[in-house]
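To start, the structure under review is shown below, and the notes come after it.
The values are calculated or read from the model by the stated rules, or taken from the named source; none is laboratory data. Note that the structure is predicted; figures quoted are calculated from it, not measured. Because the Cβ atoms are built from the backbone with ideal geometry, glycine has one as well, and the counts that use them run over all protein chains shown. For the accessible areas, the whole protein counts, side chains as well, though only heavy atoms, and no ligand, DNA or RNA atoms are used. Shrake-Rupley method; radii C 1.70, N 1.55, O 1.52, S 1.80 Å.
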Amino acid sequence: MLESADRGYIVLDDRCNRSMKPFLRAAVASSSNHRLHQLCVSDTPEPIDSGAWHDGIQVACLENLLHEFENNGALHTVEDCSRTSAAAAVLATQTRRSDLTGPALQAIHCDVGRFLSDRLLDAFPVRLVQQSDFSHVQGTTFAGETTRGASVLIVPLMRGGEPMSRGVHERFPTASMFHWDDDQGDLSVLERLLTAGTVTDVILVDSVINEGRSMRRVLNRMQGLVPSALRERTCFHVLTAVMQQQAAASLPFEYPRARFLTLRVSDNKYKGKGGTDTGNRLFGTC
Amino acid sequence: MIRPTVVGVYSVSGAGKSHALSELSRLHPEWRCLEGSEVIEEVLLDQHGRSFDQFRLIDEEAKDSVRTAAIQKIKGFRGLTLVTGHCSFPDVSDADVTSFKDVFTSGDGETYDFIFYLDTASDVVFQQRNGDSISSKRARLNLSEDVLEQWMQHEKTTLKQQCDQHGIRFETVKNLEQLTNSLDELVIQPLVDAAKKQSKEALREAIQTLPSADVYLLLDGDRTLCADDTGKLFFDHVFEANSVDRQKQIFQRYKDYTFQAFLEVAMLYERVVEDADYNLLSEKTASAVSIYCQWTDFLGRLPENVHPILVSSGNREIWETLLKLQGFSVDAETGIRRMSLLAGNHIGLHPYILDSQGKGLVVSELRRKVGGCMILAFGDSGTC
């Protein structure tokens, strides 16, 4: 469970459990070691001998964890892909170029949708991936992995989220898609999809989250539309190409059961309008 | 969690049943291994105040009643029972010994799930019988190799018929090695597979009853919440000091901590203590252990949206008692010092056991059950 949890805490006591050594070596070498911490627990207030700590794994303490709970109840933060992925940084650069507009920019956004969906699949395989039988080139059948469809609902926020959502839809080809328009009065299709009880994962897609007003509006409305019996099970995933820093700090705190994934977090407080507004750039409506 | 199973090892006297039983018993402390003759002797003493040698002196009706009572003793164990038995005896009234008296009862037919016939070569049986007579361990009739061959043939035919009639799986094996392999293939592996399936389902059900939370803390028990290995402490009470560590013996059989290893330990619990003693010893062990005070402090200051779950492969009753002694409300949904408990270790008392795959299942089922929840796991070993 240490490896499959969001965070694994390796508990060391003053007797330095020898059976941990091979596990710790593997953990330090693994790609998920950023999720692992070492924790010392004892009955004495004296700190553990520093020689007992293992290199390569961050040290944690229970008191700090309690502070984290106070400051950020649900503990998760916005996943900023550019921080850890060079591919994300390259893609993010493409979205910011002034010479790419219209269909060329839409294609980049579609790429972003595919990229973020792949990250989502890696983060939530239990919820988003299933086994299915396929026909093999050698003439037999084999059991392989595919993305879920009936349990996934993609909701692009019009219009900025539309090109990205095409990329998401490619990754979840059998999922339903509902185009969210703030002006739209009739949500009966959406209500029908949510009350049917098959949807467990809603992927909300928008190209930019500034202060987060639009996304908050959609999240609040959508959470209200989910029948109460299904509320616990349902997960909202928010995908965006860029999110402002302040929104990144507060949204996860306000929506503890939603998960936020962005190509990059921006500390640029400038809000696009006219020729710099993403919607205008995508659809040539400056 | 497992279907109580009775396995008979049949053959003629001197074929090596007792030796096989003793070897298997030594290797598998989690199996209940019984000499059929000893069970009969117990009943004889109870019912007639006689010893086993005098069994042949009582009348047929009394013999049948003793055998039926013996079968009742064999039933009722929730794990695996291995019993040695006799299908027939040579009719000593006939000087040439060409006929055999069958003693397989309908009670036997209803009790056994498997019967293995130890089809040792008749010359070996002959030698072993002579050896036994010389060392005067047991009085044996002086029978020729031919008669022994006939006797064994008769037994195999009769047993095959009886087993077909009663739906018992019947196999002949040439020696202890073949018996061991057949036991593993035909009895143990299907038992393990069925238990795995049932345990997974029961664990899934238990996980569904957990309260909703934004953050789950999955806490290992032994060597994480406390300094001790509570399972070892429990078995120290059961077995004499300096005797073989039976739990360790089972785990050492396997390269990793597999489900089968944990299942066999769960069978060991059933094997070595009665339920009342199990509860008493669990409480005794719990009262000598304490949770690290850093944990009790931390767990007493959790916000409402963070829910702790103790996930342990160890002794459930020890942890239940220990948590209560230290002021925790076990399986409470809200309140300070609440703690849910996911643990199972006893095939007779618990619907599931937890191996490391089971612990992984807790994570994946929680992720499915509660959208967007955060899971933090705490443990002291790579198998957590």
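Observations
- Complete set of residues in region B:224-258 that are open to solvent by 10 Å² or more (accessible area, probe 1.4 Å) and of a type in the set (A, V, I, L, M, F, W, C): B:227, B:233, B:238, B:239, B:241, B:244, B:251
- The numbered conditions (1) open to solvent by less than 80 Å² (accessible area, probe 1.4 Å); (2) in contact with a Pro (Cβ under 9 Å, 6 or more places away or on another chain); (3) modelled with pLDDT under 85 are all true for residue B:141 except (1).
- Restricting region B:203-224 to residues that are at the interface with chain A (Cβ under 10 Å from one of its Cβ atoms) and either within 29 Å of the chain's Cα centre (by Cα) or part of a helix (DSSP H, G or I) (or both), the residue that is farthest from residue A:8 (Cα to Cα): B:223
- Yes/no for residue B:364 being free of Cβ contacts under 8 Å to residues at least 24 places away in the same chain, within 11 Å of another protein chain (Cβ to nearest Cβ) and open to solvent by 10 Å² or more (accessible area, probe 1.4 Å): yes
- Helices (runs of 4 or more DSSP H) fully within region A:55-148 that include at least 1 residues being under 18 Å from residue A:5 (Cβ atoms) and within 14 Å of another protein chain (Cβ to nearest Cβ): A:62-71, A:102-123, A:125-128.
Conditions (1) farther than 16 Å from residue A:207 by Cα; (2) out of contact with any Cys (no Cβ under 8 Å at 6 or more places or on another chain); (3) at pLDDT 90 or above; (4) of a type in the set (Val, Ile, Thr), marked per residue:
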| residue | (1), (2), (3), (4) |
| --- | --- |
| A:44 | yes, yes, no, yes |
| A:52 | yes, no, no, no |
| A:57 | yes, yes, no, yes |
| A:75 | yes, yes, no, no |
| A:91 | no, yes, yes, no |
| A:106 | no, yes, yes, no |
| A:122 | yes, yes, yes, no |
| A:125 | yes, yes, yes, no |
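- Looking only at residues in region A:95-111 that are of a type in the set (A, V, I, L, M, F, W, C) and more than 16 Å from residue A:173 (Cα to Cα), the one that is least open to solvent (accessible area, probe 1.4 Å) is A:105.
- In the set B:312, B:340, B:287, B:329, only one residue is away from chain A (no Cβ under 11 Å), within 26 Å of residue A:61 (Cβ to Cβ) and either surrounded by fewer than 17 Cβ atoms within 10 Å (Cβ to Cβ) or free of Cβ contacts under 8 Å to residues at least 12 places away in the same chain (or both); that residue is B:329.
- Meets criteria (away from every other protein chain (no Cβ under 14 Å), of a type outside the set (Val, Ile, Thr), touching a residue at least 60 places away in the same chain (Cβ under 8 Å) and in contact with a helix residue (DSSP H, G or I) (Cβ under 9 Å, 6 or more places away or on another chain)) for residue B:249: yes
- Residues that are open to solvent by 20 Å² or more (accessible area, probe 1.4 Å) and outside any helix (DSSP H, G or I), drawn from region B:30-46: B:32, B:33, B:34, B:35
- Flag for residue A:121 being in contact with a helix residue (DSSP H, G or I) (Cβ under 7 Å, 6 or more places away or on another chain) and open to solvent by less than 20 Å² (accessible area, probe 1.4 Å): no
Every residue, every condition in (1) at pLDDT below 95; (2) open to solvent by 30 Å² or more (accessible area, probe 1.4 Å); (3) out of contact with any Asp or Glu (no Cβ under 7 Å at 6 or more places or on another chain), yes or no:
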{"position": "A:160", "(1), (2), (3)": "yes, no, no"}
{"position": "A:177", "(1), (2), (3)": "no, yes, yes"}
{"position": "A:192", "(1), (2), (3)": "yes, yes, yes"}
{"position": "A:210", "(1), (2), (3)": "yes, yes, yes"}
{"position": "A:262", "(1), (2), (3)": "no, no, no"}
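- Within region B:292-324, the only residue that satisfies the criterion of being assigned to a loop (DSSP other than H, G, I, E, B), under 20 Å from residue B:360 (Cα atoms) and not small (Gly, Ala, Ser) is B:315.
- Meets criteria (part of a loop (DSSP other than H, G, I, E, B), among the small types (Gly, Ala, Ser) and crowded, with 20+ Cβ neighbours inside 10 Å) for residue B:266: no
- Test: residue in region B:369-381 that is open to solvent by 30 Å² or more (accessible area, probe 1.4 Å) and either more than 7 Å from chain A (Cβ to nearest Cβ) or not hydrophobic (A, V, I, L, M, F, W, C) (or both): no
- Residue within region A:236-252 that is within 14 Å of chain B (Cβ to nearest Cβ), buried (at least 17 other Cβ atoms within 10 Å of the Cβ) and touching a Gly at 6+ places or on another chain (Cβ under 6 Å) present: yes
- Single match in B:142, B:181 (criterion: farther than 30 Å from residue B:364 by Cβ and part of a loop (DSSP other than H, G, I, E, B)): B:142
Results for (1) β-branched (Val, Ile, Thr); (2) in contact (Cβ under 8 Å) with a residue 60 or more places away in the chain; (3) open to solvent by 20 Å² or more (accessible area, probe 1.4 Å); (4) part of a strand (DSSP E or B), shown as yes or no for each residue.
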site	(1), (2), (3), (4)
B:6	yes, yes, no, yes
B:14	no, yes, no, no
B:20	no, yes, no, no
B:70	no, no, no, no
B:78	no, yes, yes, no
